[in-house]
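The values are calculated or read from the model by the stated rules, or taken from the named source; none is laboratory data. Because the structure is predicted, anything quoted here is derived from the model rather than measured. In this analysis, Cβ positions are derived from the backbone assuming ideal geometry, glycine residues included, and neighbour counts consider all displayed protein chains. Keep in mind that these areas ignore ligands, DNA and RNA; they rest on the heavy atoms of the full protein, side chains included. Shrake-Rupley method; radii C 1.70, N 1.55, O 1.52, S 1.80 Å.
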Amino acid sequence: MSSDKKVVIGFSGGLDTSYCVKYLTEEKGYEVHSVIVNTGGFTDEELKQVEAHAYKLGVKTHTTVDAVKSYYDRIIKYLIFGNCLKNNTYPLSVSAERLSQALFIAEHVKKLNAEAVVHGSTGAGNDQVRFDMIFNILIPGVEIITPIRDMKLSREQEVAYLKNKGVEMNFEKSVYSINKGLWGTSVGGKETLNSKGSLPESAWPTQVTKTDSEEVKLGFVKGELKSVNDKTFNHPTEAIQYLQSIAGAYGIGRDIHVGDTIIGIKGRVGFEAAAPIIIIKAHHALEKHVLTKWQLNWKDQLSLFYGNWLHEGQILDPVMRDIESFFESSQANVTGEVFVELLPYRYQITGIESKYDLMSSQFGKYGEMNNGWTGDDVRGFSKIFGNQTVIYNSVKNAADGK
């Protein structure tokens, strides 16, 4: 079949997107333009390999977009401010990454004035919804092509097709679906398809090589990680990557997330995210010292909604900008250092230092001594603080004849 239809594909170089390029160029005759949006999961050498692979598959042009800092500035920063963990477990590694990628792919479609956009999502996951929604919002009227979803292809069928076409790539690697980015790495395989089963050690991209404990000092300025062990960085992405290089080899941040997908089914996926987990927990520990109880209370409520709504692809909903404004305001005093002990497969936050620390001995030591008030102050406060409940019980007992 011959066609001059110009299409843009979000390309990772993996099995699904490789199939899509080969199928659309050879079976449909489309003019395919690939774009890879790097959100921190590729080295320069790997990006060159992806580009060479794309051209071998038959793309007309290939573009590499460096989205690492944009990814942080637009999304990750607010996940840290909100201490966002899906189901108290998962740092939204892939969820957030897909949204950043979709935004840049849509811009590339506009730039090339393409007639269609392609993504390699299956019909059983969240990514299809995230990509479709953002494309529908940002490039309405542009056709969305999804070969893997539409033809209900298995990984085995994709491998067989590519081998038949003489495509050379590491098909053994495709046994596990691995997605690496600045904010963590997801790992999916046969063990995560059922409700019971753990990933083998060999499936984890980062092997555990450190056995001795070590302490790291994380420096936050207005909620953003600016230094690690007194080493300062120009941008928080560099601090995140540096911390990952230290903590990853401990196996910290490994887990299997079980959650509700956007389309209503349950799903399991393995992930490793040493730096994200440590940063979120350290940031939260600092906040507990420097924020008031009602700041913390409302942050918890807004963070739960923000994380869930982002997970479901709703990054462009204007309510997200409103919540981000609240997050920004809440970080005014979240400045200080957090001390974390790293050990194999676990970590421990040992304390914080901050000039904004509200746990000040000037006002009292919890459980020991009060310096800012007297016993009579507390007696009066306790009486007034519980006054309405006293009135309620008194009226109720009288009405009930007690």
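Distance between the modelled labels on Tyr161 and Thr61, one decimal in nanometres: 2.6 nm (7 Å Cα→Cβ projection). Using the Karplus relation 6.51 cos²θ - 1.76 cosθ + 1.60 with θ = phi - 60°, the per-residue 3J(HN,Hα) values for the range 121-134 come to 5, 7, x, 10, x, 7, 4, 4, 6, 4, 5, 4, 4, 5 Hz, with x marking Gly and Pro.
With angles folded into 0 to 90 degrees, how steeply does helix 236-247 sit against the dominant principal axis of the chain? Use alpha carbons for both and round to 10. Helix 236-247 sits at roughly 90 degrees to that axis. Stokes-Einstein diffusion for the chain at 25 °C, viscosity 0.890 mPa s, with a Kirkwood radius from C-alpha pairs, works out to 104 µm²/s. With 0.36 nm allotted per residue and the present C-alpha distance subtracted, the Lys402-Tyr356 stretch has 11.5 nm of extension available. Put simply, the C-alpha atoms of the range 285-402 give a gyration tensor, and the ellipsoid matching it has half-axes of 36, 27, 15 Å, longest first. Surface composition of the range 237-371: carbon and sulfur atoms hold 54% of the protein heavy-atom accessible area at a 1.4 Å probe.
Within the range 213-241, what residues put their amide N at less than 14 Å from the label point 7 Å along the Cα-to-Cβ vector of Thr292? No residue qualifies, since no backbone N sits under 14 Å from the label point. Three principal axis extents of the range 18-109 based on alpha-carbon atoms, in descending order, are 46, 25, 23 Å. Using C-alpha pairs under 8 Å with a sequence gap of at least 6, the mean separation divided by the residue count of the range 287-357 gives a relative contact order of 32 percent. Any idea how far the Cα center of the range 222-262 sits from the one of the range 94-110, in Å? Measuring centre to centre over Cα atoms gives 22 Å. Near Phe104, once Lys and Arg are set to +1 and Asp and Glu to -1 for all other residues with Cβ below 12 Å from its Cβ, the sum equals +1. Consider a paramagnetic label point 7 Å from the Cα of Asn113 along Cα→Cβ; state which residues of the range 11-31 have an amide N under 20 Å from it. Answer for the range 11-31: 30-31. Modelled spin-label separation between Arg379 and Asn229, with each label point placed 7 Å from Cα along the Cα-to-Cβ direction: 5.7 nm. Divided by 2.2 N^0.38 Å, where N counts the residues, the Cα radius of gyration of the range 269-336 comes to 1.21.
Give the relative contact order (percent, whole number) for the chain; include only Cα pairs under 8 Å separated by 6+ residues. In percent, rounded to a whole number, it is 17. Expressed as an acute angle from 0 to 90° and rounded to the nearest 10, what is the orientation of the C-alpha long axis of helix 318-330 relative to the principal long axis of the chain? Tilt of helix 318-330: around 50 degrees. Expressed in units of 2.2 N^0.38 Å, where N is the residue count, the Cα radius of gyration of the range 143-203 is 1.35.
Contact order, relative form, for the range 117-186: 28 percent (alpha carbon pairs under 8 Å, 6 or more residues apart, mean separation divided by residue count).
Applied to the range 199-210, the Karplus parametrisation 6.51 cos²θ - 1.76 cosθ + 1.60 on θ = phi - 60° returns per-residue 3J(HN,Hα) values of 6, x, 4, 5, 7, 6, x, 9, 7, 7, 10, 9 Hz, with x for Gly and Pro. The Cα-based radius of gyration of the range 202-263, divided by its Kirkwood radius, gives an Rg/Rh of 1.08. For the range 61-122, carbon and sulfur atoms together expose 43% of the accessible surface, with a 1.4 angstrom probe and every protein chain in place.
According to the Cα-based calculation, Rg over Rh for the range 176-306 is 1.01, with Rh computed by the Kirkwood formula.
Pairwise Cα distances in the range 1-61 exceed 15 Å in 44 percent of cases.
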